[in-house]
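Nothing in this text is a laboratory measurement; each read-out follows from the coordinates by a stated rule. Every value quoted in this text rests on a predicted model; they were computed, and no experiment measured them. Cβ atoms come from the backbone with ideal geometry, glycine included; neighbour counts cover every protein chain shown.
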Amino acid sequence: MIQRIQSVFLFLIVVAMVTMFFVPIWSKTNPADGQEYILNAYKLGPANGAATNNTIVIAILAGVAALIALYEIFQYKSRLTQMKLGLLNSLVMAALMGCAFYFSSYVGEDLVKTDQEGEYMSGFYFPAVGLLLNVLANRFIKRDEDLVRSMDRLR
């Protein structure tokens, strides 16, 4: 189970999605008053103030993606179920990327109206890393399934 490379990729997806809870996704500084606005998994607003916009949907999607990947690790006896869960996780992570982009590019830019653009932080790239790891895990799961099917033909 754990010695399979796809299990390592799936575990790294869990790590990437959990990291989304703790790192900023986007930031922008208002040059008029020097106030920095930060988007993280829970809120979009001033760095030292109350939340202006609630972005809990990002945290929910990241948590769901982590839970799906964790569950997928332990479904090693059913590779077809793993492939279906991988497809579902790809959709969840694509939605997560879309939400992060929406809140940073549209909501955040409307919140701080300046000529400067906001800066994407490390949290913005974790869903893309997770999606890439998911593709790799699915490729190795499919390879295992093809190997088992080819062995069934030889019997």
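Details
- Highest average packing first - 5-17, 90-102, Cβ atoms within 10 Å: 5-17, 90-102
- In terms of the mean number of neighbouring beta-carbon atoms within 10 Å, the peptides 64-74, 115-125 order highest first as 64-74, 115-125.
- Pair TYR42, LEU67: separation of 7 Å Cα→Cβ label points (nm): 1.8
- With the biggest extent put first, the Cα atoms of the chain measure 74, 24, 20 Å across the principal axes.
- Here r is the Cβ-Cβ distance between ARG4 and GLU119 and R0 is 41 Å; the resulting FRET efficiency, rounded to 0.05, is 0.60.
- Neighbour-limited loop hits for trypsin sites (Lys or Arg not before Pro), the stretch 32-138 (at most 10 other Cβ within 10 Å; DSSP other than H, G, I, E, B): LYS77, LYS113
- Straight-distance crosslink candidates among lysines, where the alpha carbon sits under 25 Å from LYS77 and sequence neighbours closer than 8 are dropped: LYS142
- Within straight-line cross-link reach of LYS113, lysines at Cα separation under 21 Å, skipping those fewer than 8 residues along the same chain: LYS28, LYS43
- For the stretch 77-86, putting each phi into the Karplus relation 6.51 cos²θ - 1.76 cosθ + 1.60 with θ = phi - 60° gives couplings of 7, 10, 5, 5, 5, 4, 5, 5, 5, x Hz, in residue order, rounded to whole numbers and with x for Gly and Pro.
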